[in-house]
Amino acid sequence: MLSTMQDVPLLVSRILTHGSTVHGRARVTTWTADAGPRRRTFAEIGARAAQLAHALRDELGVAPDDRVATLMWNNAEHVEAYFAIPCMGSVLHTLNLRLPPEQLTWIVNHAADRVILVNGTLLPLLAPLLPRLESVEHLVVVGPGDTSVLDGCRATVHEYESLIADRPQRYEWPELDERQAAAMCYTSGTTGEPKGVVYSHRSIYLHSMQVNMAESFSLTDRDTTLPIVPMFHVNAWGIPHAAFMTGINMLMTDRFLQPAAIAEMIEAERPTHAAAVPTIWQGLLAELAERPRDVSSVRQVIIGGSACPPSLMRDFQERHGIEVCHAWGMTETSPLGTTSHPPAGATGEEAWTYRFTQGRFPASVAARLIGPSGEVMPWDGTSTGELEVRGPWIAGAYFGGAGAEPLAPEDKFHDGWLRTGDVGAISPDGYLTLTDRAKDVIKSGGEWISSVELENHLMAHPDVAEAAVVAVPDAKWGERPLATVVLKEGAVADYATLRVFLTERVARWQVPERWTIVSAVPKTSVGKFDKKVIRRQYADGKLDVTVF
Ligand code: AMP
């Protein structure tokens with residue numbers, strides 16, 4: 001028998017309507033170079049999102065399902081686009097401004113974006129691509145910038161503020177099917193072509209509720225969050241949507257992502273919460289050590305996107321009294337997978353061992369580990385396998401092509417589960433510990449060495465700023481680890497010291513023989529260690545490697 005409950009679709013427009021009325025006084029504050037922070041209330045954002053939707057529909061002819069892209073920093077106008085585009089029934093496509101030009105061009109063409117909203121400061125990046133962007137009919141320039149670089153471009157150029165001015169501040173948001181596409185994001189594409197993940201209204205709605213749950217980010221209208229994670233990286237981890245759902249104030253970095261600027265905005269605006277990848281937090285810690293600032297307003301930081309070294313978590317807690325929550329997720333998982341809050345009753349060192357894991361799964365994300373011969377592995381904390389997940393905000397397919405329906409499930413999706421490509425173990429109480437990406441694990445003489453474990457130990461050495469370990473071919477063992485290390489300024493440690501340090505912490509046979517000191521570890525477009533680049537540099541003989 002069916003229930004007697006109302007069947008109300010879960011739509012992004014409900015989040016917007018709620019946020020801009022019930023939480024109308026909550027604020028989005030955008031950092032600027034020297035004009036002082038720009039402040040806009042959720043009520044104003046709601047009105048301006050309606051104006052943008054009118055402009056897109058009435059002036060630019062944007063239709064349901066049309067893709068409208070953004071090439072923007074984290075700022076108030078980007079939040080307006082985040083809501084206007086899906087709420088009117090079109091699809092928001094956030095473009096990663098750090099991708100190489102060929103990939104960006106490929107992605108825009110693949111998604112068949114009709115319109116691009118672009119921050120004026122990013123025009124020099126976009127202009128050279130325009131002749132090859134086949135589907136783009138309109139460019140909307142947001143904020144100041146040199147528009148002369150657009151001379152001769154095929155697309156019609158508009159200025160954001162004039163485009164939305166004098167339009168109605170209300171919009172009859174259509175009643176959509178909750179399974180309809182709301183937003184899309186391409187994976188950073190470390191192998192092969194980038195792949196488009198298409199989020200639905202329903203997945204965004206449910207994911208936002210999870211973000212706000214106490215077991216996840218636990219945010220309320222008393223908080224101000226600083227999403228340093230870019231809005232083009234998996235919807236800024238769902239924070240803007242979650243913010244409108246519960247009235248969380250947002251502090252937006254715009255293009256000011258240097259550690260000094262972040263420290264300055266924290267001191268001035270006193271956020272209670274922030275989210276970013278580990279490399280950002282490493283940078284901030286170093287900045288604070290050199291130039292102390294008052295960051296005491298921050299209660300919790302979320303660190304995810306790649307493995308967070310335990311030493312980094314301890315430093316935040318011990319030097320600044322800030323609790324660190326480690327989180328795991330991916331573009332395909334919206335991204336919230338796990339968060340590392342210790343269970344009730346765990347204190348002291350026991351609590352730390354939980355914090356160092358990737359964390360626990362929420363009820364809506366089912367997980368299993370698949371062993372080398374396809375068998376499901378037990379949750380015993382030691383058996384490892386490839387992590388597979390399933391749930392209402394987990395992708396079931398990739399976007400198939402210009403205007404096409406999603407592809408039939410391929411290799412990455414089997415049997416209703418998403419293969420994550422991450423390898424690890426799950427404890428009996430459901431805490432995930434990742435040991436590697438399947439493609440980064442080091443297979444040495446039939447045994448696996450975790451690159452992440454070696455990196456975590458190295459980064460705990462007081463002289464080491466960053467360390468990345470990759471597998472390199474070895475005649476005897478098949479593969480062996482190569483350690484690339486960035487030393488802190490004034491550091492005295494040499495290879496011998498670091499080798500001894502590792503020997504005291506891991507099995508002898510796991511200690512790398514190949515070492516190189518570099519000035520920086522190469523990073524991907526979203527700030528993760530780019531191990532592909534290190535492997536290539538090694539293969540091309542571009543690294544100065546010492547072998548023991
Ligand atoms: P992306 O889709 O670009 O966000 O990349 C997702 C991938 O980042 C995951 O499949 C993991 O390999 C990695 N990742 C994300 N969060 C973590 C974490 N907390 N620890 C280790 N790896 C992570």
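Observations on the structure shown:
- Share of carbon and sulfur in the accessible heavy-atom surface of the chain [1.4 Å probe, %]: 52 percent
- As a length-normalised measure over Cα pairs under 8 Å and 6 or more apart, the relative contact order of the range 440-547 settles at 25 percent.
- Ordering Val198, Thr497, Trp379 by Cα displacement along the dipole of the chain toward the positive end leaves Thr497 in first place; charges were set at the Cβ atoms of Lys, Arg (+1) and Asp, Glu (-1).
- 22 Å Cα-Cα threshold exceeded, pairs from Lys476/Lys523; Lys195/Lys439; Lys443/Lys476; Lys439/Lys523; Lys488/Lys523; Lys443/Lys488: Lys476/Lys523; Lys443/Lys488
- For the range 7-203, the solvent-accessible area with a 1.4 angstrom probe is 40 square angstrom per residue.
- Considering only Ile85, Pro174, Gly430, and ranking their Cα positions along the charge dipole of the chain that arises from unit charges at the beta-carbon of Lys, Arg, Asp and Glu, the one farthest toward the positive end is Gly430.
- For His158, the accessible surface of its heavy atoms amounts to roughly 30 Å² (probe 1.4 Å, protein chains only, rounded to the nearest 10).
- For the range 7-203, the Kirkwood estimate of the hydrodynamic radius, built from every pair of different alpha carbons, is 17.2 Å.
- Whole-number percent relative contact order across the chain, with pairs defined as alpha carbons under 8 Å at least 6 apart: 10 percent
- Enclosing the Cα atoms of the range 30-143 in their convex hull gives a volume equal to 93 cubic angstrom per residue.
- Surface per residue (accessible, 1.4 Å probe) for the range 440-547, Å²: 47 Å²
- Descending principal axes extents, the range 440-547, alpha-carbon based, whole Å: 38, 34, 24
- Accessible area ranking (1.4 Å probe, heavy atoms, ligands and nucleic acids excluded), largest first, for Trp328, Trp106, Trp477: Trp477, Trp106, Trp328.
- Counting Cα-Cα pairs of the chain in 10 Å increments starting at 0 gives whole-percent bin shares of 3, 18, 28, 27, 16, 6, 1, 0.
The values are calculated or read from the model by the stated rules, or taken from the named source; none is laboratory data. If you're wondering where the values come from, they're calculated on a predicted model, not measured in any experiment. Note that we place each Cβ from the backbone using ideal geometry, even for glycine, and neighbour counts take in every protein chain shown. Accessible surface areas use protein heavy atoms only, side chains included; no ligands, DNA or RNA. Shrake-Rupley method; radii C 1.70, N 1.55, O 1.52, S 1.80 Å.
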